[in-house]
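Reading through the C-alpha cells given below for one structure.
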Amino acid sequence: MSDDEIPSSTDRERLLSKTITDRFDDLSAGDEITFNNRETSYEVIETDRYSITVSDPDDNHITISQNLQTGGWAVHEEIWWIGCEQSAD
C-alpha cells in the first residue's frame with residue numbers, strides 16, 4: 001500500500017474484530033506481518049487462539065492479543081526505552 005492509499009488518522013476505520021481474527025487464523029510461525037502502518041515487518045514466533053507473539057528485527061517480542069470480553073485486539077509490547085524532557089518550570 002502506498003502512502004497515497006493509506007487513510008489519515010481521521011479517515012481510517014478500525015478493522016472489525018472478526019476481520020483481524022480471520023487474518024490471524026491464517027498465520028503460522030515464520031510468517032511476517034505488518035500492522036498499524038508501521039514500517040517494520042514482524043516475524044510471527046507463536047500463535048494460539050487468542051494471541052500471537054511476533055519479533056521485530058532487534059528480537060524484541062510483541063504480543064497481539066484479543067480481549068475476551070470485548071473481542072477487540074490490542075498490541076502489547078515491553079517498554080525498553082523512554083525519552084523524557086523536563087519543563088523549564
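The values are calculated or read from the model by the stated rules, or taken from the named source; none is laboratory data. Since this is a predicted model, take the numbers as computed values, not measurements. Every residue, glycine as well, gets a Cβ built from its backbone with ideal geometry; the counts of neighbours run over all protein chains shown. Heads up: the accessible areas ignore ligands, DNA and RNA and are worked out on the full protein's heavy atoms, side chains in. Shrake-Rupley method; radii C 1.70, N 1.55, O 1.52, S 1.80 Å.
Please give the number of the condition THR40 fails out of (1) in a loop (DSSP other than H, G, I, E, B); (2) open to solvent by 70 Å² or more (accessible area, probe 1.4 Å).
That leaves (2) as the condition not met.
Would you please list the contacts, defined by Cβ atoms under 8 Å and residues six or more apart or on different chains, that run from a residue in segment 22-48 that is on the phi > 0 side of the Ramachandran plot to a residue that is open to solvent by less than 50 Å² (accessible area, probe 1.4 Å) and modelled with pLDDT under 95?
Every condition considered, the pairs that remain are ASN37/ILE6.
Tell me whether segment 11-25 contains one or more residues that are in a strand (DSSP E or B), open to solvent by less than 50 Å² (accessible area, probe 1.4 Å) and at pLDDT 90 or above.
No: zero hits.
How many residues does segment 48-60 contain that are touching a strand residue (DSSP E or B) at 6+ places or on another chain (Cβ under 6 Å) and open to solvent by 90 Å² or more (accessible area, probe 1.4 Å)?
1
Give segment 63-89 a look and list any residue that's within 23 Å of THR47 (Cα to Cα), assigned to a loop (DSSP other than H, G, I, E, B) and hydroxyl-bearing (Ser, Thr, Tyr), or say none.
Matches in segment 63-89: THR70 only.
Which pairs do you get when a residue that is hydroxyl-bearing (Ser, Thr, Tyr), found in segment 65-89, comes within reach of a residue that is at pLDDT below 90 and in a loop (DSSP other than H, G, I, E, B), reach meaning Cβ atoms under 9 angstrom, with the pair 6+ apart or on two chains?
Final answer for the pair search is none.
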